[in-house]
Structures are given as C-alpha cells and as structure tokens.
1. Shape of the stretch 435-492 from its Cα gyration tensor (a ≥ b ≥ c, root eigenvalues): rounded if a/c is under 1.5, otherwise prolate when a/b > b/c, or oblate?
2. Using packing as a proxy for protection, rank 22-32, 208-218 so that the peptide with the highest average count of other Cβ atoms within 10 Å comes first.
3. Kindly express, to the nearest 10 degrees and within the range 0 to 90, the angle between helix 156-166's C-alpha long axis and the longest C-alpha principal axis of the chain.
4. Quick check on the chain: helices-only [θ] at 222 nm, where DSSP H runs of length 4 and up contribute -39,500 (n - 2.57) each and the sum goes over total residues. Nearest 500, please.
5. How large a share of the accessible area of the stretch 342-492, in percent, is made up of carbon and sulfur atoms when the probe is 1.4 Å and the other protein chains stay in place?
6. Near Lys34, which lysines are there with a Cα under 18 Å away, not counting those fewer than 8 places off in the same chain?
7. Just want to confirm a number: the relative contact order over the stretch 44-117, from Cα pairs under 8 angstrom separated by 6+ residues, in percent.
8. Please calculate how many Å² of accessible area the chain carries per residue, with a 1.4 Å probe and no DNA, RNA or ligand atoms counted.
Amino acid sequence: MILAVLLTGAFMNYELSKMYGGHTQLAQLKLEDKTPSYFALTNVNVLTPSADKFISDQTVLVDQGTILSVGANVEFADDTPTIDGQGMFLVPGYTDSHVHLWESENDLLLYVANGVTQIREMNGSKAHLRWKAQIQAGRLGPDMFVVAPQLATFGFFEGLFVGWTQNKVIVRTETQVNKAVQSLKDDGYDAVKSSSFLDKDSYTALSNAAANISIPLVGHIPMAVGSEEFLNSNQIELAHVEELMKALNREFGEYTSRNADSFLEFVRSRSDDVADRLLQEKKSVTSTLWLIDSFSRQKTNLGEVLRISELSYANPGITEGTVITSRGMGWLPDVNIYRWPDNLEEARRQRSIVYWKTYAEAQHIVFESLLKKGVPIMAGTDANVPVTVPGFSLHDEMITLNKAGMSPSQVLASVSSVPSKWMQTNTGEIRANFKANLVLLRDNPLEDIQATNSIEMVIVNGRILSRTDLDSILLAVQNANDASRTVQLEYE
Ligand SMILES: [Zn+2]
C-alpha cells in the first residue's frame, strides 16, 4: 500500500514536471562570444525616454552593459569598436510584465530572441530565483522580477492537492498569511501575489502583511473580495485588465448571454469611475488583452489559432499537457482547456459565442477608460497560458494594444519605461547610467507598431546578438523541442 502511494506520487511528480516543461531538452547554443565590453553605436535614431519620437544621428556609448552617454557629439577613442546604426531605430529592450516560465528554461532564450530583455514572472519558484541569479552572473536571458507563488485559500485536502500540483501557497488564518509572506520575502521574491481563491480575511491579512514587511502585493482580485476592499488595500497592481471586468461582473450579478447587452451598458456606466479610483489609489494594471481576446477564437476555432501561433517554439511539455490533469493546461486540441467539446449542442454553442464576445468587449471598455484616465498600463501576455508563446506573444500584445486605442508611443512606453519604473530597475529608457538593454530595429515602430518585430540586433546584459545569432538561438530551441515532443507538428 505504502509502495503504491509512493509510486503514484513519483509518477505524478514526473508527469507534472513534464507538463511544466521540465523534461524538454535544453537548447544547445553555438554562439561565438565576441562582444566587446566597450563599444559605440553610431548614426542611429534613438527613442526619447518619453517614447514620443526618435532623435536622429545619435551615438550611444556602452561600457560593461551600461549606457555611458547618448548624444550627437559623443566622443570616443579611435580604436573603439563601433556598430553602424545608419537608418535604424534604437529602442529599449522590451518588458513582458506577465509571464509564466514554469520549468521551461528555453523560454529564457525565446524572450531574448524576441527583444524581450526583462520579464516579470507571475508565479515564481525557487528555480526562477536561481535562474535570475545565473542571468545576473552572465547566463543568457532577460532580467527577471520574480513574484512569489500565489496565496490561495482551500480546505485541507484540496489545499494539499492544489499546493502540490499548481505551485500555490495555501493559507487559512492570519498567522499562516504572516508566516508565508515573511518566508517568501526571506526566500528573495520581489513581490507577493493574491490569487482568485483567497478568502476575505486572508486577503485583508495579506494586504496588511505586505505593507508591514514592505514587499509589493500584486495579482488578482479574489472572488470573495469587493472592489472597494481591493481599492482600499495595499495591492498595487492588477495582473489583468480582466480582473476589473470580473469585479464589475460580480457587482452586476454575473451576466449571461441573455443579459449581455445590459452588462455591457453597466460596464460602460462604471468603468470611468473605476479608472478614476485606480489612479487615485496609485494602482497599475497589466494588460493581457491578446489572451482574453483569444478565448473565443480558441473555443470556436482552435485549429486556426494553433496554426498562427508560433507553436514550434513553445515548450512541447506545456503544449501537450499531461494525462493526470487532462484539459488542465495544455494547448493542443485534446488537452486545451478553452476548446469546446465537439458534441456541444448548437443552442449552447450560440449562447457561448455571445458570452465570450461580451467578455472580450467588456474588457475593452474597461481598457479604454484606463487609457483615457491615464492609469499606468504595463504590457503583459500571460505567456505559456494556452496559446501565448513566450517572447513572440509580446509582439501580438503590442499590436492588440495599438488596435485597442494606444498610440505606438504609448505601446512602447508600456513595454519599457512604465514597467521599469514600476519594478524600479534602471532600464526601459535610453539615457546615461541606464542599463544598455537595447533593441535595434530596421523599421520605425512609431509609424507602425509591427516594426517592433523588425529586429536587427539585441543587446542584453552586455552581450550583442546579431540577427544571425538570434536566428540560431530560435533554431536551437526549435530543435530541442522537436527532439522532445511526442505529438509531431507540421510547420515550415
Ligand atoms: Zn498568469
């Protein structure tokens, strides 16, 4: 009996780790490290710190990964290695403010290859803290802000299961909350996170503990907590625009397909107030618009969505899911949590279409109010939630933000200066004494936001990666994935 329990436990741990991407081969990189520690980027168009325009013919002098100076007449010795940026556009490295690495180390490379030089991990683990330290010590990867595993309230037995399988910290009393927050801070996490499944007293305790121990509190609005309690809490950030829409939905009394129009009317009547209050209480919001917009497409037309997502780069363990939590978090049709069952009856299908269309529309109404009122918005993608491919997804998010009403300049700020200020890192702006995490583009992203993808070079933590390097990184990840997948994909 004991042996059976131990074997089942070991099997489940194996399956979980596989699902979280921990069994995928590590990409084998063959990059020559020829980066000079001191160099000048010349003749380049440089994005201003306010991200509103490019200044032409600039020189950016970099020493050991830090910007020494920026300007038209920067002097440097004749033998200084130079990179000619003629006709190109220099922007700060991008930040994705909502990602999930799980156990997928190759994702670190996907970020860098897509110009993402800073990420905020929203459900951190000890492994992530290790990777963060390794990157600081020279490993190739983005700078990391690691949010602790989220706090949640569950009964004893369910809590054991959820805590084990989903990397959550289970709390039921104020004492447990205080102890958890202190120990997460001692572990080195940069923030603590509230989940949807926290009871009201535990949320109050968490809000107090975060302020007492001085660690930022971020995440969801628990379902048991009203908007006012959230607004008056010490939580300084919402992990999704969706959270506000869900809070309004609870206030409305949970809409259905039958009263979808009155719900949207209600959201329209309340969203400006909500935005005003967020601004007043100095709270920031992370976007994740692309993902929520994709729900209805994943439900109705998953095949098409999978074809457009850069599936071959995503960790096969994560996309294939696992038998033990079937339809838990995989991406492919058999395991995709969002996809409708094939036998769904037509009437329910029609109701569901209305429901999810409304869901996305309500989120956009809230987003427009946040934008209009000037609430700080950080671009985030929830990478690794089906079907958001790490690194690539931030470019989809930028296009979505632009379509949702942000100017290209606002979009660029939402992936650079806004999150960097929030995380208090000296990145996200091209100016002296800031970190030289930079992306060199062939096209002007202020004219067309899709140009954020026209990447010619990425400079991250003192390393210079040419387009050739970036392509070989992507190929190495694809090869490692192909060697590890059990469901073969067809792609070109
Ligand atoms: Zn998330």
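The values are calculated or read from the model by the stated rules, or taken from the named source; none is laboratory data. This structure is a prediction, so every number in the text was calculated from the model and none was measured. Please note: Cβ atoms are built from the backbone with ideal geometry, for glycine as well, and neighbour counts cover all protein chains shown. These accessible areas exclude ligands, DNA and RNA; they are computed on the full protein's heavy atoms, side chains included. Shrake-Rupley method; radii C 1.70, N 1.55, O 1.52, S 1.80 Å.
1. Taking the square roots of the gyration eigenvalues as a ≥ b ≥ c, the stretch 435-492 is oblate.
2. Most protected by this proxy first, the peptides run 208-218, 22-32.
3. For helix 156-166, the angle is close to 30 degrees.
4. Rounded to the nearest 500, the figure is -13500 deg cm²/dmol.
5. Heavy-atom surface of the stretch 342-492 belonging to carbon and sulfur, 1.4 Å probe: 46 percent.
6. The qualifying lysines are none; the list is empty.
7. Once normalised by length, the contact order is 28 percent.
8. For the chain, the per-residue accessible area is 42 Å².
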